[in-house]
Amino acid sequence: MTISITLDDVEQAASRITGIVRRTPVIRSTFLSDCLGRDVWLKLETEQPTGSFKIRGAANRLLELEPDQRARGVIAASTGNHGQAVAHVARFLDIPATIVASRLVPANKLNAIRDLGADLVVTGRSQDDAIAEVTRRSQHDGSIVLPPFDDPAIIAGQGTVALEVLQQVPHTSCVVVPLSGGGLISGVVIATKGLRPHALVVGVSMDRGPAMYRSLQAGMPVEVDELDTLADSLGGGIGPNNQYTFAIVRDLVDRTLLVTEDEIANSIRALHNHDGVIVEGAAAVGVGALLAGQLDNLPTGAVTIIISGRNIDASLFRRIAAGTHTQTRYGK
Ligand SMILES: *Cc1c(COP(=O)(O)O)cnc(C)c1O
C-alpha cells in the first residue's frame, strides 16, 4: 500500500502546534552510553505539559477542527495520557471534552483528567470497552471522536518529536520508540526515514499483551488479552479495522522487541538512579531492551530513546525505586 502521511505533514504539524507543545530537551545518558559502548541519548517527553508526548497529536488534531466541529465538542477513549492531553488542549482552545476510560486506568491519571476540567466517564474493563462507549456517545450526541493513534493528524503530530531528535542529536542512527497502538512510532518512522533514510527505527512493547507485535506476527490486526502491566500506557488493541498504523509499522519499522515486567521495573529504577529522570513503565521499555542486550547489534552512530511519559502512580514509583515492588498483583 502507499502511505498517505508524509514528512511534509509532520513538518506542517510542527509549525501548527508550537505554542501549545514544548520542544523537549535531550540528555546524554552516561550510564546507558557506557552499557552499550556508544552514545545513548534520552529524548525527554516527560517534560511536556501533561507529562507525555500525547499532547503533540492531540494539539495537531484539535487545531484542525472547523468552528462548527469545535462547538460539537470532542470525545476520546484513553488509557490515561491521551485523555490528559486532549483535556489539556481542549481547555486551552475552549472546546468541551469528554474522556472515557476503563477501570484499568490508574487513579493518578483519572484524577489528572478530572483536574483538567474534562467530563470523565469510567466504564468497562478494557480499552476496547471504552472505545465502544465513545462510539455510542458520539453517535448519540454528534461529538467529534479523537482516536488515540489511528488517525493521520494524530500520527503527524506525534512524528514532530522525531524532527526535534534529528536536530538535537544529528548523528542518531537508531531511534527507539515505545510501541502500543503505533501512533507515535508511525509518525517517528515517517519523519525519520524522510530525513535519514538509513537510520533504524525500533519499536518496543511489553510482553504482557503486545497487540501490535502479535498483529505483525499474524499478518493482520489481532486481538490480545489486555493484562495488568507496569507499562499501562501500552495496553489495549490496535483495532480490528486499523487503517493506518498497522501498515505503516509493518512496512517501515525495522524491528519490534518485547521486554518483561522485571526489565521494565529495573529500567524505571536505572533511569532514576543514573539519569535523575522519573518515568512511567511505558516510557522505560526502550531502556529495558537496551539493558537486556537487545540493541547490541546496531550499526554505528548514536541511539536516541524516546522517553515517552512520566505519569506513574507515586507510591508505585517509590516501591520500584526502593526495590520492594513485587509482581504478586498480577492475577493472570
Ligand atoms: C500512548 C503512549 C505510548 C504509545 O503510543 P502509541 O502511539 O499508542 O504507540 C507510549 N508511551 C506513553 C507514555 C504513552 O502515553
Original post:
Tell me, which residue of the range 98-121 that is over 21 Å from the mean Cα position of the chain (by Cα) and farther than 16 Å from Pro49 by Cα is surrounded by the most Cβ atoms within 10 Å (Cβ to Cβ)?
Top reply: Val121
**OP:** Quickly run through the range 160-180 and pick out the residues that are of a type outside the set (A, V, I, L, M) and within 19 Å of Pro25 (Cβ to Cβ).
**Re:** Thr160, Glu164, Gln167, Gln168, Pro170, His171, Thr172, Pro178
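Limited to the range 291-308, what total is found for residues that are closer than 30 Å to Pro106 by Cα and surrounded by fewer than 24 Cβ atoms within 10 Å (Cβ to Cβ)? I'd like the intermediate steps shown before the answer.
Start the filter on the range 291-308 by keeping residues that are closer than 30 Å to Pro106 by Cα, which leaves 291-292, 294, 304-308.
With the extra rule that they be surrounded by fewer than 24 Cβ atoms within 10 Å (Cβ to Cβ), the set shrinks to 291-292, 294.
Summing the residues that are closer than 30 Å to Pro106 by Cα and surrounded by fewer than 24 Cβ atoms within 10 Å (Cβ to Cβ) in the range 291-308 gives 3.
Just checking, does the range 167-181 include any residue being of a type in the set (Val, Ile, Thr) and assigned to a helix (DSSP H, G or I)? Before you say what the answer is, go through the steps one by one.
Of all residues in the range 167-181, those of a type in the set (Val, Ile, Thr) come to 169, 172, 175-177.
So of that shortlist, the ones also assigned to a helix (DSSP H, G or I) come out as none.
No, the conditions are met nowhere in the range 167-181.
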**OP:** Hey, can you tell me all the residues within the range 1-34 that are buried (at least 18 other Cβ atoms within 10 Å of the Cβ), over 19 Å from the mean Cα position of the chain (by Cα) and closer than 22 Å to Cys174 by Cβ?
**Re:** Ser29, Leu32
**OP:** Go through the range 56-106 and give me each residue that's touching a strand residue (DSSP E or B) at 6+ places or on another chain (Cβ under 8 Å), more than 16 Å from the ligand (Cβ to nearest atom) and not β-branched (Val, Ile, Thr).
**Re:** Leu62, Leu65, Gln69, Arg72, Gly73, Ala90, Arg91, Pro96, Ala97, Arg103
Original post:
So which residues in the range 58-97 are assigned to a loop (DSSP other than H, G, I, E, B) and under 22 Å from the mean Cα position of the chain (by Cα)?
Top reply: Glu64, Ser78, Thr79, Gly80
**OP:** Could you grab me the full set of residues in the range 152-181 that are within 25 Å of Gly209 (Cα to Cα), in contact with a strand residue (DSSP E or B) (Cβ under 9 Å, 6 or more places away or on another chain) and within 13 Å of the ligand (Cβ to nearest atom)?
**Re:** Val176, Val177, Pro178, Leu179, Ser180
Original post:
In the range 44-55, how many residues are in contact with a strand residue (DSSP E or B) (Cβ under 7 Å, 6 or more places away or on another chain), more than 14 Å from Phe92 (Cα to Cα) and assigned to a helix (DSSP H, G or I)?
Top reply: 3
**OP:** Give me the pairs, please: first residue somewhere in the range 111-136 and over 25 Å from Leu93 (Cβ atoms), second residue anywhere and in a helix (DSSP H, G or I), beta-carbon distance under 8 Å, and either six or more positions apart or on two chains.
**Re:** Thr123/Asp129; Thr123/Ala130; Thr123/Glu133; Gly124/Ala130; Gly124/Ala132; Gly124/Glu133
Original post:
Which of the residues belonging to the range 284-310 are within 12 Å of the ligand (Cβ to nearest atom), over 21 Å from Gln167 (Cβ atoms) and outside any strand (DSSP E or B)?
Top reply: Ala284, Val285, Arg310
Subject >> Which numbered condition Val204 misses (of (1) on the phi < 0 side of the Ramachandran plot; (2) more than 16 Å from the chain's Cα centre (by Cα)) >> reply: (2)
**OP:** Could you please tell me which pairs satisfy a Cβ distance under 6 Å, a separation of 6+ or placement on different chains, a first residue in the range 39-65 that is on the phi > 0 side of the Ramachandran plot, and a second residue that is of a type outside the set (A, V, I, L, M, F, W, C) and within 15 Å of the ligand (Cβ to nearest atom)?
**Re:** Thr50/Gln84; Thr50/His88; Gly51/Gly309; Gly51/Arg310; Gly51/Asn311
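Which residues, taken from the range 1-28, are aliphatic (A, V, I, L, M) and either under 19 Å from Ile307 (Cβ atoms) or in a helix (DSSP H, G or I) (or both)? Before the answer, list the steps.
The initial filter retains those residues of the range 1-28 that are aliphatic (A, V, I, L, M), namely 1, 3, 5, 7, 10, 13-14, 17, 20-21, 26-27.
Hits for the range 1-28 are Leu7, Val10, Ala13, Ala14, Ile17, Val21, Val26, Ile27.
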Original post:
List pairs: first in the range 213-228 and assigned to a loop (DSSP other than H, G, I, E, B), second surrounded by fewer than 15 Cβ atoms within 10 Å (Cβ to Cβ), Cβ under 6 Å, 6+ apart or cross-chain?
Top reply: Pro221/Pro240; Leu227/Lys332; Asp228/Tyr330
Subject >> Qualifying residues in the range 206-247 (those that are modelled with pLDDT under 95 and of a type in the set (D, E, K, R)) - the one nearest to the ligand (Cβ to nearest atom) >> reply: Asp232
Subject >> Checklist (1) surrounded by fewer than 21 Cβ atoms within 10 Å (Cβ to Cβ); (2) farther than 15 Å from Leu258 by Cα; (3) not small (Gly, Ala, Ser) applied to Asp207, failing item >> reply: (2)
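For residues that are closer than 30 Å to Ala314 by Cα and either without any contact (Cβ under 8 Å) to a residue 12 or more places away in the chain or assigned to a loop (DSSP other than H, G, I, E, B) (or both), tally how many sit in the range 229-261. Walk me through it before giving the result.
At the first step, the residues of the range 229-261 found to be closer than 30 Å to Ala314 by Cα are 229-238, 256-261.
Still in the running and either without any contact (Cβ under 8 Å) to a residue 12 or more places away in the chain or assigned to a loop (DSSP other than H, G, I, E, B) (or both): 229-231, 235-238, 260.
The total comes to 8.
How many residues, within the range 182-205, are outside any helix (DSSP H, G or I) and away from the ligand (no atom under 11 Å from the Cβ)? Step through it out loud before you land on a result.
Initially, the range 182-205 is screened for residues outside any helix (DSSP H, G or I), giving 182, 196-205.
Next, from what is left, pick out any that are away from the ligand (no atom under 11 Å from the Cβ): 196-202.
The number of residues fulfilling the criteria is 7.
The values are calculated or read from the model by the stated rules, or taken from the named source; none is laboratory data. Since the model is a prediction, treat every value here as computed from it, not as a measurement. Methodologically, a virtual Cβ is constructed for each residue, glycine included, from the backbone with ideal geometry; neighbour enumeration extends over all protein chains shown.
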